[in-house]
1. Tell me, which residue of region 31-52 that is in a helix (DSSP H, G or I) and among the hydroxyl-bearing types (Ser, Thr, Tyr) is nearest to Ala74 (Cα to Cα)?
2. Considering only residues that are open to solvent by 70 Å² or more (accessible area, probe 1.4 Å) and part of a helix (DSSP H, G or I), which ones fall in region 53-81?
3. As an exercise: evaluate Ala43 against (1) open to solvent by 50 Å² or more (accessible area, probe 1.4 Å); (2) over 11 Å from the mean Cα position of the chain (by Cα) and give the number of the one condition it does not meet.
4. Could you please tell me which pairs satisfy a Cβ distance under 8 Å, a separation of 6+ or placement on different chains, a first residue in region 39-61 that is among the aromatic types (Phe, Trp, Tyr), and a second residue that is open to solvent by less than 20 Å² (accessible area, probe 1.4 Å) and assigned to a helix (DSSP H, G or I)?
5. From the list Thr28, Thr7, which one is open to solvent by less than 50 Å² (accessible area, probe 1.4 Å) and either under 13 Å from Ala74 (Cβ atoms) or not in a loop (DSSP other than H, G, I, E, B) (or both)?
Amino acid sequence: MPDIPPTTARYVLHAFGASGGWRPGNFTESLISLIARADHDNAAKLATIYPAEAAAVRIAKYDENGIATLQALAACKQVAA
């Protein structure tokens, strides 16, 4: 999994309506929305160019504790692997 910077975690939290999120600029907001709506093949293509954003969206969508994980990353706290 690529490193997810705190700022990216905050932007994805915002996209998923979770606390700790920050609203990104228009491009990043659209990008995160696009990744979240993409089918598997297109999400994989976007991940080659935007690995941190794609990983953060994947965590938010599919990880049982994904929002909590992103909140910890956004707060710059250590996340258990």
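1. The initial filter retains those residues of region 31-52 that are in a helix (DSSP H, G or I), namely 31-37, 40-49, 51-52.
Imposing the further condition that a residue be among the hydroxyl-bearing types (Ser, Thr, Tyr) reduces the set to 33, 48.
On the way: Ser33: 19, Thr48: 23 Å.
It comes out as Ser33.
2. Once the filter is applied, which keeps residues that are open to solvent by 70 Å² or more (accessible area, probe 1.4 Å) and part of a helix (DSSP H, G or I), region 53-81 yields Arg58, Lys61, Tyr62.
3. The one condition Ala43 does not meet is (1).
4. Within 8 Å, the pairs are Tyr50/Leu31; Tyr50/Ile35.
5. Details: Thr7 fails: open to solvent by less than 50 Å² (accessible area, probe 1.4 Å).
Just a single option satisfies the conditions, and that option is Thr28.
The values are calculated or read from the model by the stated rules, or taken from the named source; none is laboratory data. Keep in mind it's a predicted model, so treat the numbers as computed, not measured. As a convention, Cβ positions derive from the backbone with ideal geometry for all residues, glycine included, and neighbour counts pool all protein chains shown. Only protein heavy atoms, including side chains, enter the accessible area calculation; ligands, DNA and RNA are left aside. Shrake-Rupley method; radii C 1.70, N 1.55, O 1.52, S 1.80 Å.
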